[in-house]
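Everything on this sheet refers to the single structure shown next.
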């Protein structure tokens with residue numbers, strides 16, 4: 001399986017993603033420059049974290065218009081897997097490949113810490129190696145991670161099983177104490193209606209080895225390997 005890791009001016013998690021995919025997962029990966037018009041035959045597109053185009057205007061707003069995103073959108077429309085992590089999630093929402101928006105954290109401060117997540121749907125191409133309801137630990141590092149959508153959209157996401165990860169407290173409950181940024185309904189990650197586009201604010205690529213403090217993110221990449229390579 002071949003991953004394409006998109007690199008924007010301001011991306012800073014592209015090498016983390018490459019390490020997770022190539023060195024830990026054992027898959028193939030190439031970097032895709034933001035001005036490119038060719039996905040180079042990749043199976044999975046990964047939009048990494050960072051500050052694409054300096055997050056000018058708002059996070060992801062300019063990156064959404066980069067040439068490579070035309071190819072990413074076409075790949076998604078063909079059913080190809082796309083994953084957006086942190087800034088990548090913001091870009092996917094700006095590009096309307098996922099609903100909702102990521103706003104400034106409720107505390108108006110940048111947050112970098114390990115958080116707990118509950119796997120709400122273990123039957124997606126991104127989560128099939130997790131147990132349903134599993135509590136996992138991954139780091140976050142963002143200033144604009146508060147997932148927001150109107151009530152109709154939130155209800156639809158819930159009803160269709162498209163909330164994939166939810167922030168939880170130490171006992172696995174989604175209350176305010178376990179919600180680091182004020183995301184509506186403690187939402188940390190969602191998938192598209194077709195199930196092939198995932199956006200999440202936590203960083204699974206920074207949680208693939210015990211030396212990093214958690215290896216809970218590895219199952220996400222293993223899930224894609226199992227489903228896409230099948």
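A short reminder: the numbers here are calculations on the coordinates, not readings from a lab. None of the values given here were measured: they were computed from a predicted structure. Backbone-built Cβ (ideal geometry, glycine too); neighbour counts: all protein chains shown.
See the values below:
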read-out: Cα gyration tensor category, rounded, prolate or oblate, for the range 91-174 with a/c compared to 1.5; value: oblate
read-out: R0 of 25 Å, Cβ-Cβ distance residue 169-residue 106: FRET efficiency to nearest 0.05; value: 0.95
read-out: Inter-label distance for residue 2 and residue 176, nm, one decimal - labels placed 7 Å from Cα along Cα-to-Cβ; value: 5.1 nm
read-out: Average Cα contact separation per residue, the range 2-228, under 8 Å, 6 or more apart, as relative contact order %; value: 20 percent
read-out: Sum of -39500 (n - 2.57) over DSSP H runs of 4+, divided by residues of the chain (222 nm, nearest 500); value: -5500 deg cm²/dmol
read-out: GNM result for the chain, Cα springs below 10 Å: residue of 215, 203, 142 fluctuating most strongly; value: 215
read-out: Choice from 114, 201, 138 with maximal GNM fluctuation in the chain (Cα, 10 Å cutoff); value: 114
read-out: Distance from the range 175-230 to the range 1-20 (C-alpha centre basis), Å; value: 16 Å
read-out: Additional length obtainable on full extension of the chain from residue 152 to residue 35, 0.36 nm per residue less Cα span; value: 38.5 nm
read-out: Antiparallel %, DSSP beta bridges [both residues in the chain], to 5; value: 60 percent
